[in-house]
Amino acid sequence: MDETSLIKQAFSARKNSYAPYSGFTVGAALLCSDGTIYLGANIENAAYSPSLCAERAAFAKAVGDGQREFSAIAVVGGKAGLGAGQIGLAYPCGVCRQWMAEFCQGDFKIIVAAAEDDFKVYLLKELLPHGFSPQSLF
């Protein structure tokens, strides 16, 4: 799957965001190695700390379905009501990067996009250098 298709899916997922406190809506589209795509949207909570990022929501769905091998994730986010081309790049937070390190290798692709034709692609090892992964325990 190409980056543009995955970005479209992330924008679709963003529509399901629940962000009544920050108004910052995020969508993620996680591509599994077998081609399956899982969508996630951020879900806020009045207590803040139990909130769930879109990236972790997508991973939770996929892992809950038995998936363990992932290729890429596209992430889009911005103030509610702003669409493609009106938002900036929304990078995964540190907690989401750590979740990715649990299930992905350093060559896992992270696509951050403002629009289908305005995006950057990073590898996990670039966004989480010297990360703590399952291999760190051995």
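The values are calculated or read from the model by the stated rules, or taken from the named source; none is laboratory data. Bear in mind that the values here come from a model prediction, so they are computed numbers and not experimental data. Cβ coordinates were reconstructed from backbone atoms using ideal geometry, including for glycine residues, and neighbour counts include every protein chain displayed.
Filter the stretch 84-138 for residues that are over 24 Å from residue 11 (Cβ atoms) and hydroxyl-bearing (Ser, Thr, Tyr) and give the result.
133, 136
Check whether at least one residue in the stretch 85-92 is more than 15 Å from the chain's Cα centre (by Cα) and at pLDDT below 95, and report yes or no.
Yes: the stretch 85-92 contains one or more residues that are more than 15 Å from the chain's Cα centre (by Cα) and at pLDDT below 95.
Pick from the stretch 118-137 the residues that are in a helix (DSSP H, G or I) and in contact with a helix residue (DSSP H, G or I) (Cβ under 8 Å, 6 or more places away or on another chain): which of them is nearest to residue 102 (Cα to Cα)? Lay out the reasoning, then the answer.
Residues of the stretch 118-137 in a helix (DSSP H, G or I): 124-127, 134-137.
So of that shortlist, the ones also in contact with a helix residue (DSSP H, G or I) (Cβ under 8 Å, 6 or more places away or on another chain) come out as 124, 127, 134.
Values: 124: 11, 127: 14, 134: 6 Å.
So, considering only residues that are in a helix (DSSP H, G or I) and in contact with a helix residue (DSSP H, G or I) (Cβ under 8 Å, 6 or more places away or on another chain), the one nearest to residue 102 (Cα to Cα) is 134.
What is the one condition in (1) modelled with pLDDT under 95; (2) closer than 28 Å to residue 130 by Cα; (3) of a type in the set (A, V, I, L, M, F, W, C) that residue 62 does not satisfy?
Just one mismatch for residue 62, condition (1).
What number of residues within the stretch 62-108 satisfy the criterion of being of a type in the set (Gly, Ala, Ser) and in a loop (DSSP other than H, G, I, E, B)?
Going residue by residue through the stretch 62-108, those that are of a type in the set (Gly, Ala, Ser) are 62, 64, 66, 71-72, 74, 77-78, 80-81, 83-85, 88, 90, 94, 101, 106.
Adding the requirement that they be in a loop (DSSP other than H, G, I, E, B) leaves 66, 80-81, 83-85, 88, 90, 106.
Total meeting the criteria: 9.
Looking at the stretch 45-83 only, could you name the residues that are over 18 Å from residue 15 (Cα atoms) and out of contact with any strand residue (DSSP E or B) (no Cβ under 8 Å at 6 or more places or on another chain)?
Answer for the stretch 45-83, where residues must be over 18 Å from residue 15 (Cα atoms) and out of contact with any strand residue (DSSP E or B) (no Cβ under 8 Å at 6 or more places or on another chain): 46, 47, 48, 49, 50, 63, 64, 66, 68.
I need every pair where a residue in the stretch 69-84 that is surrounded by fewer than 16 Cβ atoms within 10 Å (Cβ to Cβ) has its Cβ under 6 Å from the Cβ of a residue that is β-branched (Val, Ile, Thr), sequence separation at least 6 or different chains.
What qualifies is 80/25.
Modelled with pLDDT of 95 or more, assigned to a strand (DSSP E or B) and more than 17 Å from residue 92 (Cβ to Cβ) - does that describe any residue in the stretch 18-36?
Looking for residues that are modelled with pLDDT of 95 or more, assigned to a strand (DSSP E or B) and more than 17 Å from residue 92 (Cβ to Cβ), one finds at least one in the stretch 18-36, hence yes.
Which one is farthest from residue 19 (Cα to Cα), of the residues in the stretch 37-58 that are assigned to a strand (DSSP E or B) and out of contact with any Gly (no Cβ under 9 Å at 6 or more places or on another chain)?
If we take residues in the stretch 37-58 being assigned to a strand (DSSP E or B) and out of contact with any Gly (no Cβ under 9 Å at 6 or more places or on another chain), then 37 is farthest from residue 19 (Cα to Cα).
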